[in-house]
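Laboratory data are not the source of any read-out in this text; all were calculated from the coordinates shown. The model shown is predicted, which means the values in this text are computed figures rather than measured ones. With ideal geometry, Cβ positions are generated from the backbone for all residues, glycine too; neighbour counts draw on all protein chains shown.
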Amino acid sequence: MSSRAESRLSMERKEREKERVSLKRKQHKSSRDLGDYSRTVLTNNNQIGRPKDKQPKKARNPLTKIQLSNVSRLNNNTLRLSGTKTQLPSPSHGMPSYMAPTIAASQSTTSPRRIHRQPTHLDDRRKSGDVRKSTPLSILQESNVPLRQYTLDDFEIGRKLGKGKFGKVYCVKDKTTGFVCALKVMEKKELMEYKVEKQFRREVEIQSNLRHENILRLYGYFHDSARVYLILEYVIYGELYKFLRRKKRFNDIMASHYVFQMAEALSYLHSKNIIHRDIKPENILLGFDNIIKISDFGWSVHAPSSKRSTMCGTLDYLPPEMVEAKDHDYRVDVWALGVLCYELLVGQPPFEEEFRDSTYRRIAKVDLRIPAFVSPDATDLIRKLLQYDPEKRFPLDEVKDHPWITKNRHLWPQKRAS
């Protein structure tokens, strides 16, 4: 056989192997995408109801589809955004110098698509009644304040960082300043189709007003006729969940460091009368020096006085009061911290079962089974957090001084100099 014929056969074999591998990948998704053991995102009371017995959990399906190559070709149908004049931080702000070269910034004023940071302060809007009277997506329809203008063309689009419930996230760089950040892209049509305009608006209002080391920063947002773009802080190592899957489970040193930071962040949120309501490893990002940041405020709520009744969050992290359709308050986040602590140390949530109904029953009974390899101090903290009665759950300030935290604290990595 000639060398040319052998080369052709070799190429054909390689092509067949590629097709086989591609087909295999399509057929075997990760366990997070499968129905049997995946977590279920709950939406609201009308959609939930009690599941039938022996009904497998359903996976969360991504709802957004976008081709970034076509985005810059969109028409210029303009919707103006309210807020103050904004500018992204300098390239070196919160970013290693080698990732963000310093380039002189310029102010572009030619694009019809706009960006702003910090809508009118949430508390002020509530006092004025503006929040309650505003219609869904009205945040995209106010135009009485001069703003810094951005378009997608102002950014270099890098790799895809991940998918959210209603969008995809990309690593991007401001072409003018060199500032590296993350860009979350969401379809307006899908926000309205799934009736989450109010949820999106609340997410922007809340997250844009938060300033804490362990909370993901929302710098601003812009939009065009079809999509909304959130400009977010870039966190280099991505989801804590993926890191946990690689490690299987964390040791006491790592887990205690993460739990301490979560207690700090949740204390800050609760001091602002904000309940996150969707704490889980997928919504926690990991940066340098094991610094974590809470992200995804889609289910968060500003609740200064009243209790809430909406059933929301992720099945494995629901507290008993939500499972039993009772009102809830900020202590749902304390319960979620207990579930998170368990998952970090064991590698899976404490009440996870194949069928939803079984998970519901275990949560309602607080059927907690902690493996023997979990240290006594960690076991004590988990049990104090996972209390059926919300009022008996361990206060966050005391979590930070718990023996499991204090014994490991001197072993945590030191922050590098900024």
By how many nm would the segment from MET192 to ARG409 grow when fully extended, if each residue of separation counts as 0.36 nm and the alpha-carbon distance is taken off? 73.5 nm
Sorted by Cβ neighbour density within 10 Å, fewest at the top, the residues LYS189, LYS165: LYS189, LYS165
List the pairs from LYS165/LYS280; LYS184/LYS280; LYS247/LYS400; LYS247/LYS280; LYS195/LYS365; LYS160/LYS293 whose alpha-carbon separation is above 22 Å, in the order I gave them. LYS247/LYS400; LYS195/LYS365
Neighbour-limited loop hits for chymotrypsin sites (Phe, Trp or Tyr not before Pro), segment 310-417 (at most 15 other Cβ within 10 Å; DSSP other than H, G, I, E, B): PHE373, TYR388
With the Cα gyration tensor of segment 155-233 in hand, give its eigenvalues times 5 under a square root as the equivalent ellipsoid semi-axes, listed largest first in whole angstrom. 21, 16, 11
Taking the mean number of other Cβ atoms within 10 Å as a proxy for protection, how do you rank 378-385, 153-160 from highest to lowest? 378-385, 153-160
How compact is segment 223-350 by the rule of thumb for globular proteins, expressed as Cα Rg over 2.2 N^0.38 Å? 1.10
